[in-house]
Amino acid sequence: MNFLRLLLRPWYWLASRVFALWARPVVHPDDPAALLTDPQRPVCYVLETGGLADTLALERICRLNDMPSPIRSLSFGELREAHRLVVMRRTHGLLMQRKVSTGSMRLKRLVKASIDAGGEELLLVPVAIYWGRSPDKEHSFFKLLFSENWEIAGRTRKFFATLLHGRNTLLRFSDALPIMSIIEEGIDSEVAYRKVSRILRVHFRQRRTATVGPDLSQRGYLVNQVLADPRVVRAVDAEAGDNRALLERTRHKARKYALEIAANRSYPTIRVLERVLRRVWNQIYDGVVLNHIERLHDIAREHEVIYVPCHRSHIDYLLLGYIVYHQGLNVPYIAAGINLNMPLIGPILRRGGAFFLRRSFRGNKLYTAVFNAYVHQILTRGYPVKYFVEGGRSRTGRLLAPKGGMLAMTVNSYIRDSRRKIAFVPFYFGYEKLIEGASFISELGGAAKEKESFTGLLRSVKSLRENFGKVYVNTGKPILLDPILDEKQPDWRDFPNEQEERPPAFNKIIDELGRQIMSGINSAAAVTPISLLATALLSTPKQAMGALELHRQIRLSIDLLSRFRYSDSVTLPEMTPEEIVDHGERLKFIRRTSHPLGDVINVAEHEAVLLTYFRNNVQHLFAVPASVACCFIQGRRLEHRELQRLVRMIYPFMQKELCLKWRFDDVDDVTSAAIEALIGLGILAKEGSVLVRPPAGSERAFQLLLLGRSMVPMLQRFYLVISLLVKNGSGTLSRAKLESLCQKSAQRLAMVYELHSPDFFDKALFQDFIKTLRDLNVLRRNEAGFLEFDDNITRIGEDARLVLGEEIRHSILSLTFSGPGVDRL
């Protein structure tokens, strides 16, 4: 044995030199020493595979973080060990290493010593080390030689892995595990050892799945599995019928569909993209701020993660994947629109994990079957997946209504095979400036949507020289699928694996899942400095304010969001109002004009249009308090119950437009909480059951007015719809005709009053309002396809008189011309 050690000494010396010169491992969490709750307790580190390189990496990190060294001896009770390392998957042999069938003898001795110590606690700290995180390929003849996979690496392989991937290595420390906390009193030491070993093996397996991912399939193999799916086979047979020649052509078409869809993930491509993106983010952003990211780590241990972020920009695709990679988790497969499968860009995205889908599957049963089968293959293999529930990018800054397509496929797949639990994790992106800002403005103004192209990408590259501020990425609370299925369809587990028909409550399941995801995204909102500036300045008639008044209004907004907490996941900027205004000047959103009586802050027309986007990002946070404030624009006193009634009347429309989280039965309590917050800020007062606005002309009255004005455009749209319905009469307008009239009337109103807000006449907002009226049975569609209503609809218009200014109200009525019933509004 001494002779063997002498022979191995040069190898160890060379390996240690290579490691010291080259390896720069990344550590999670950032402060691993914090995991040791009691530094006085003896500590032993547990590695999955061990080896010299792993030991050197761990020793270096422990030294840098003032943690006990793994190569120091351990004294625990009567036990004396040469070092503090336990290796779970041991090997033996010099040249050809083989697995050792027996478990760790050191762990067995430690467990026995813990039992014998009679209460003295020993901490086991699992440490997972990954040298390059490329998963293996299933059914391939050759392994990726030196990237991390599911096999135990031999000495030669570990040496070259250290050499090649030393700067792409992850050390992940887990919470310290007190041995006695999992050993029952009076248990035999052999049984206790097996129990501790099993817990550690499961832990490392879950860590490896979350970090490295399951074994990858070659693209060709996965495509063959898709084509062999019974549903695809039935779709091929149904389309071909009895024609054998057509059957072969249909099979070929199905294969073409599968190849058009399938990702071709390449880990070297992912590493190159990571380096390129790191430079891009450093070039255009002042920083990427992560909040609540620990939620992702916690859920990824035992669940397959479905990433469901909001969709603000094409940057979303790249940024979330980059963040997941840097968090030491498996990079998800990404559902991307077929419009992104353009020359040069498409192949790169495909190798980065993107799979492509067409905008519409309608009428193409074969494509639908192939795509469903591909999604099923990905999910059943345990891969994380990312898709945008909104479908496309929001042009207004508000969340779009959820599209059920990908959700339905995910739920369908899970019902067929529910071996690995699924969790949906919402993400909120808070940008301070958008690369696509100019195109969004033109599209909202009526221009046709610009088709994605390589030349368009080159034009976008020019904008990378600008400063886009910071990006805030907030992780929402994970949403588990099982509880929703259990509530809506308790017998869902009894459905056959190849069930063609969906469960009876399937649509309700998808609707509820979509509602919870959108609510989860909004509940994780990041309030950016720019969104606060936009909220304050766009509430003024000319988008201009004195600097001092602007500082006060921003402070009021921050204090209001602190008092009226929409969610404990919402984050606020850690900046003073003065710093926020200076920040807006640096990003060229606002201009400062000096004046002897005080500087004036104003916004150019083009920037005012763009600021509406960032105001809309956070409008849902202010919606209820602003609705309360809006009721005091025309009057000074209101009964508490009357105020609740007015908010209750408009809440269904606000909820639809802003994806608010509260259910209708809770609105009165939410309104009361908002009232209490406004009273606490001094901008409302209470006299018995009557709420009173501050005296006209006072600073507090001005602040209340600005807060309330943020909700006026929404009420103007509502009033416009009601006016058009009343003017034209019941049973005379189709839904499409009403939507067109609303959009044109709103466009003209915006021109007359110089409303720098293209989303004011966004057709989708009118569609949502009309749909809500139908859901509430205020509007009904007759057999001829026209909309009918009764006189109750005028009550909404009458209530709007309480909050809308007379000038705006009469302008809306003049747009609808004179007609029967108009005078009632």
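Okay, here's what the table says:
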{"quantity": "Strands (runs of 3 or more DSSP E) completely within the range 240-338 that count 2 or more residues being within 14 Å of the chain's Cα centre (by Cα) and within 30 Å of residue 586 (Cα to Cα)", "calculated": "287-291"}
{"quantity": "Test result for residue 775, buried (at least 18 other Cβ atoms within 10 Å of the Cβ) and either modelled with pLDDT of 80 or more or under 39 Å from the mean Cα position of the chain (by Cα) (or both)", "calculated": "no"}
{"quantity": "Filter result (in contact with a strand residue (DSSP E or B) (Cβ under 8 Å, 6 or more places away or on another chain) and modelled with pLDDT under 90) within the range 353-367", "calculated": "359"}
{"quantity": "Tally, over the range 29-72, of residues that are of a type in the set (Gly, Ala, Ser), modelled with pLDDT under 85 and over 37 Å from the mean Cα position of the chain (by Cα)", "calculated": "1"}
{"quantity": "The one condition in (1) touching a Gly at 6+ places or on another chain (Cβ under 7 Å); (2) within 27 Å of residue 636 (Cα to Cα); (3) hydroxyl-bearing (Ser, Thr, Tyr) that residue 689 fails to fulfil", "calculated": "(1)"}
{"quantity": "Qualifying positions in the range 605-620 - assigned to a helix (DSSP H, G or I) and either without any contact (Cβ under 8 Å) to a residue 40 or more places away in the chain or closer than 24 Å to residue 674 by Cβ (or both)", "calculated": "607, 612, 614, 615, 616, 617, 619, 620"}
{"quantity": "Residue 378 vs. criteria crowded, with 17+ Cβ neighbours inside 10 Å, hydrophobic (A, V, I, L, M, F, W, C) and under 22 Å from residue 474 (Cα atoms)", "calculated": "no"}
{"quantity": "Residues satisfying the stated conditions in the range 654-683, i.e. open to solvent by less than 10 Å² (accessible area, probe 1.4 Å) and more than 26 Å from the chain's Cα centre (by Cα)", "calculated": "667, 671, 674, 675, 677, 678, 683"}
{"quantity": "Failed condition for residue 323, given (1) over 24 Å from residue 405 (Cβ atoms); (2) touching a helix residue (DSSP H, G or I) at 6+ places or on another chain (Cβ under 8 Å); (3) open to solvent by less than 20 Å² (accessible area, probe 1.4 Å); (4) among the hydrophobic types (A, V, I, L, M, F, W, C)", "calculated": "(2)"}
{"quantity": "All positions within the range 106-129 that are at pLDDT 80 or above and either open to solvent by 80 Å² or more (accessible area, probe 1.4 Å) or in a loop (DSSP other than H, G, I, E, B) (or both)", "calculated": "109, 112, 116, 122"}
{"quantity": "Matching entry among 752, 721 (being modelled with pLDDT under 90 and either surrounded by 18 or more Cβ atoms within 10 Å (Cβ to Cβ) or closer than 30 Å to residue 558 by Cα (or both))", "calculated": "721"}
{"quantity": "Test set (1) under 28 Å from residue 437 (Cβ atoms); (2) surrounded by 16 or more Cβ atoms within 10 Å (Cβ to Cβ) - residue 591 fails condition number", "calculated": "(2)"}
{"quantity": "Qualifying residue in the range 439-451 (condition: open to solvent by less than 20 Å² (accessible area, probe 1.4 Å) and at pLDDT 70 or above)", "calculated": "no"}
{"quantity": "Tabulated pairs, the range 662-679, first within 16 Å of residue 646 (Cα to Cα), second of a type in the set (Lys, Arg), C-beta under 6 angstrom, 6+ apart or interchain", "calculated": "667/648"}
{"quantity": "Residue tally, condition surrounded by fewer than 17 Cβ atoms within 10 Å (Cβ to Cβ) and either at pLDDT 75 or above or in contact with a Phe, Trp or Tyr (Cβ under 7 Å, 6 or more places away or on another chain) (or both), over the range 1-28", "calculated": "1"}
{"quantity": "Residue that is nearest to residue 539 (Cα to Cα) [pool: residues in the range 691-716 that are of a type in the set (Lys, Arg) and surrounded by fewer than 22 Cβ atoms within 10 Å (Cβ to Cβ)]", "calculated": "709"}
{"quantity": "Within the range 361-390, tally of residues that are closer than 21 Å to residue 320 by Cβ and in contact with a Gly (Cβ under 8 Å, 6 or more places away or on another chain)", "calculated": "5"}
{"quantity": "Search result, residues across the range 518-573 that are open to solvent by 10 Å² or more (accessible area, probe 1.4 Å), within 25 Å of the chain's Cα centre (by Cα) and under 17 Å from residue 610 (Cα atoms)", "calculated": "535"}
{"quantity": "Sole residue being of a type outside the set (Lys, Arg) and surrounded by fewer than 17 Cβ atoms within 10 Å (Cβ to Cβ), chosen from 625, 596", "calculated": "596"}
{"quantity": "One residue from 363, 392, 397 being surrounded by 21 or more Cβ atoms within 10 Å (Cβ to Cβ) and in a loop (DSSP other than H, G, I, E, B)", "calculated": "397"}
{"quantity": "Selected residue (criterion: surrounded by the most Cβ atoms within 10 Å (Cβ to Cβ)) from residues of the range 211-249 that are among the polar types (S, T, N, Q) and at pLDDT below 80", "calculated": "217"}
{"quantity": "Answer residue from the range 44-85, given it is over 21 Å from residue 207 (Cα atoms) and assigned to a strand (DSSP E or B) and is most open to solvent (accessible area, probe 1.4 Å) among those", "calculated": "80"}
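The values are calculated or read from the model by the stated rules, or taken from the named source; none is laboratory data. As the structure is a computational prediction, the values presented were derived from the model and not from experiment. Every residue, glycine among them, receives a Cβ derived from its backbone with ideal geometry; neighbour counts consider all protein chains shown. Keep in mind that these areas ignore ligands, DNA and RNA; they rest on the heavy atoms of the full protein, side chains included. Shrake-Rupley method; radii C 1.70, N 1.55, O 1.52, S 1.80 Å.
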